Amino acid sequence: MPVQGLSNVMGVLATAPATPLLPDSRGYFGSFGGAYVPEILRPNLQQLDQAFAAARSDPEFWAEYMRELALFSGRPTPVTPLPRLSQHLGGAQLYLKREDLGQTGAHKVNNAIGQALIARRLGKRRLIAETGAGQHGIATATIAARFGMEAVVYMGAEDVERQRPNVFWMEQMGTKVVAVEAGARTLKDAINEALRDWATRHEDTHYLLGTACGPHPFPALVAWLQSVAGTEARAQMLALTGRLPSRVYACVGGGSNALGIYQGFLGDPQVQLIGVEAGGRGPASGEHAARIAGGQGTRGIAQGYETLFLQTSEGQMVDTYSVAAGLDYVGVSPIIAHLHQQGKLAIERASDSEVVAAVKLLMRFEGVIPALESAHAVAGAIRAAAQLAPTEQVLINLSGRGDKDIFTMASALGDDSWASFLRHKADAMMAAKTSAEVHHV
Ligand SMILES: *Cc1c(COP(=O)(O)O)cnc(C)c1O
């Protein structure tokens, strides 16, 4: 391929921001959203809303954001055609938008960089964040280290135990990880603890929320920062193929990577937007995180905003489950709920077993190891591909890479040599520790 053609398909940075998705004066997108927080947190949200408005009207902010994304996170990320997998499935041509190639291996770093820039403009020197699986904690820890800011990450004590590798790296980068012992010791307890911290230390602290959820202005702010993926992907699809895709797939946890890619195509009514939720062990099992697909989520107000939650008829949040820790969340972005209600977005689900099968196919045919979260989008696209004509193009947002899932995948694939490797590692570490102690004495 000539060099000139190469620079075309690589695409350029999203030098201009997407038109922001903004709520009404009450922070509502249609009938979802709002800001339900204790009085003491109002000034924090107001200050952030003003800073967000200032950033939107200042081209210098977006230029600084693009520069940091390029220099620290390797943007633009490519769009990769999947010719072998497409041929195997015998239908549409599949393409990946490679958010897995960014710093820390997922889209979450885009939001972390953007919010850290806003925090710096506000003169804040301390970042706090909630994290469930630990991926958002890692993204926050990297940018705090790079900007020389203090960082505290709240994580349910249960999650601290389950996600040891992420806790290790956060601490190595200088972030303090606080294990939250309250409640069920998971994500929602971590969110409550982060909000409590923010209420008491507003002067020097920014709450870096990880997805397009929570009280206004977080959903709009996070969606705006993530729009880089969609703006790039649209230009890249045109440069690479001369056409737009007929469908765009993304997995939906909180909704941030999905809103990021969709924003490139909201002005193209011929492009079908599809979200894939965590179907877990199936609709009847109760072990899933599908709030919209299947209609099990019901309207409620919690964690600072109104949306569709998985809850009992008494309004108690239920325990969600997914093989992908990053999709395991009871609520969903108010912007996603609104776009779905308006008929602009279809929502499906993929089960754990479909997702593991999709990971295998993508690895074997294309040499790409997707995150289990992202593999939900891949599974949705695989399901559709065979029914579509070979002239159709399907774009999949690959929100992250799968290295982090080695423990889960090795057990899902029943790899016995992995279990014995872990046992040997543990034995060797214990032996080294014991001999060091002996030596010391
Ligand atoms: C956290 C995470 C998600 C889910 O979050 P969204 O806000 O829905 O994007 C999806 N993919 C990966 C790789 C993640 O780390």
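The values are calculated or read from the model by the stated rules, or taken from the named source; none is laboratory data. All of these numbers come straight from a predicted model, not from anything done at the bench. Every residue, glycine among them, receives a Cβ derived from its backbone with ideal geometry; neighbour counts consider all protein chains shown. Ligands, DNA and RNA are excluded from the accessible area calculation, which covers all protein heavy atoms including side chains. Shrake-Rupley method; radii C 1.70, N 1.55, O 1.52, S 1.80 Å.
Any idea what the dipole of the chain comes to, in debye rounded to 20, about its Cα centre with Lys/Arg Cβ at +1 and Asp/Glu Cβ at -1? Show your work: numbers first, answer last.
Details: 38 positive and 41 negative charges, 163 e Å.
Using Cβ point charges on Lys, Arg, Asp and Glu, the chain gives about 780 debye.
Please provide three numbers in whole Å: the alpha-carbon extents of the chain along the principal axes, with the largest listed first.
Dimensions of the chain along the principal axes of its Cα atoms: 68, 57, 53 Å.
Using a 1.4 Å probe and counting only protein heavy atoms, arrange K108, K425 so the residue with the most accessible area comes first.
On the way: K108 50, K425 110 Å².
Sorted by accessible area, descending: K425, K108.
Straight-line reach from K124: which lysines have a Cα under 19 Å away, not including same-chain ones fewer than 8 places off?
Those lysines meeting the cut-off are K176.
Based solely on C-alpha atoms, express the radius of gyration and the Dmax of region 111-178 in angstrom.
Every Cα atom of region 111-178 included, Rg and Dmax give 11.3, 35 Å.
What figure in square angstrom, to the nearest 10, would you give for the accessible area of H340 with a 1.4 Å probe?
70
Per DSSP H run of n ≥ 4, the term is -39500 (n - 2.57); total these for the chain, divide by its residue number, and report the mean residue ellipticity at 222 nm rounded to 500 deg cm²/dmol.
-14000 deg cm²/dmol
Could you work out what % of the accessible surface of the chain is carbon and sulfur, using a 1.4 angstrom probe and leaving DNA, RNA and ligands out of the count?
Looking at the chain in its full context, I get 55 percent from C and S.
In what order, largest first, do H376, H88 sit by accessible area if the probe radius is 1.4 Å?
Numbers: H376 0, H88 100 Å².
In descending accessible area the options line up as H88, H376.
Points 7 angstrom from Cα along the Cβ direction at R67 and A179: gap in nanometres?
Here the modelled spin labels are 4.2 nm apart.
Using a 1.4 Å probe and ignoring any ligands, DNA or RNA, find the accessible area of E39 and quote it in Å² to the nearest 10.
140
Could you state the accessible area per residue of region 27-150 in Å², with a 1.4 Å probe and every protein chain left in place?
Working: 4380 Å² over 124 residues.
Using a 1.4 Å probe on heavy atoms only, each residue of region 27-150 averages 35 Å².
In whole angstrom, how far apart do the alpha carbon centroids of region 309-354 and region 124-197 sit?
23
If I model a spin label as a point 7 Å beyond the Cα along the Cα-Cβ vector, how far apart are those points for A53 and D204 in nm?
My value for the distance between the label points is 2.9 nm.
Using θ = phi - 60° and the Karplus form 6.51 cos²θ - 1.76 cosθ + 1.60, what ³J(HN,Hα) does each residue of region 214-228 get, whole Hz, x for Gly and Pro?
Here the 3J(HN,Hα) series is x, x, 3, x, 4, x, 5, 5, 5, 4, 5, 5, 7, 5, 3 Hz.
What whole-number value in Å² describes the accessible area per residue of region 312-441 for a 1.4 Å probe? Intermediate values should be presented prior to the final figure.
On the way: 6670 Å² over 130 residues.
Normalised by residue count, the accessible surface of region 312-441 is 51 Å².
Determine the relative contact order of the chain: mean sequence separation of Cα pairs under 8 Å and six or more apart, normalised by residue count, in whole percent. The partial results should precede the final answer.
On the way: 890 pairs, mean separation 84.9, N = 441.
That works out to 19 percent.
Which of the lysines could a cross-linker span from K360 if the Cα-Cα distance has to be under 21 Å and same-chain partners fewer than 8 positions apart are dropped?
Answer for K360, where 21 Å is the Cα cut-off: K97, K404, listed by chain and number.
Can you give me the relative contact order of region 315-441 as a percent, contacts being Cα pairs under 8 Å and 6 or more apart? Write down the numbers at each step before the final one.
Values: 87 pairs, mean separation 23.7, N = 127.
The value is 19 percent.
Wrap a convex hull around the Cα atoms of region 68-156, take a quarter of its surface area, and give that in square nanometres.
Mean shadow area of the hull around the Cα atoms is 7.2 nm².
Filter the trypsin sites (Lys or Arg not before Pro) in region 219-263 down to the DSSP loop ones having no more than 15 other Cβ atoms within 10 Å, then list what survives.
Numbers: sites: R234, R243, R247; in loops: R243.
In loop regions of region 219-263 (DSSP not H, G, I, E or B), the sparsely surrounded trypsin sites (Lys or Arg not before Pro) are R243.
Between S411 and A284, what is the label-point separation in nm under the 7 Å Cα-to-beta-carbon projection?
Result: 2.6 nm between the two label points.
At R0 = 25 Å, how high is the FRET efficiency between W169 and S353 if r is their beta carbon distance? Nearest 0.05 is fine.
Working: r = 30 Å, r/R0 = 1.20.
The computed FRET efficiency comes out at 0.25.
Taking R0 as 30 Å, what FRET efficiency do you get between R120 and V12 from their Cβ-Cβ distance, rounded to the nearest 0.05?
Details: r = 26 Å, r/R0 = 0.85.
Efficiency computed from Cβ-Cβ geometry: 0.70.
Write down the accessible area per residue of region 259-306 in Å², having rolled a 1.4 Å probe over the full set of protein chains.
Numbers: 1660 Å² over 48 residues.
For region 259-306, the solvent-accessible area averages 35 Å² per residue.
So between R423 and L238, what do we pick up on full extension, going 0.36 nm a residue minus the alpha carbon distance?
Numbers: separation 185, 0.36 × 185 = 66.60 nm, distance 4.99 nm.
Stretched out fully, the R423 to L238 stretch lengthens by 61.6 nm.
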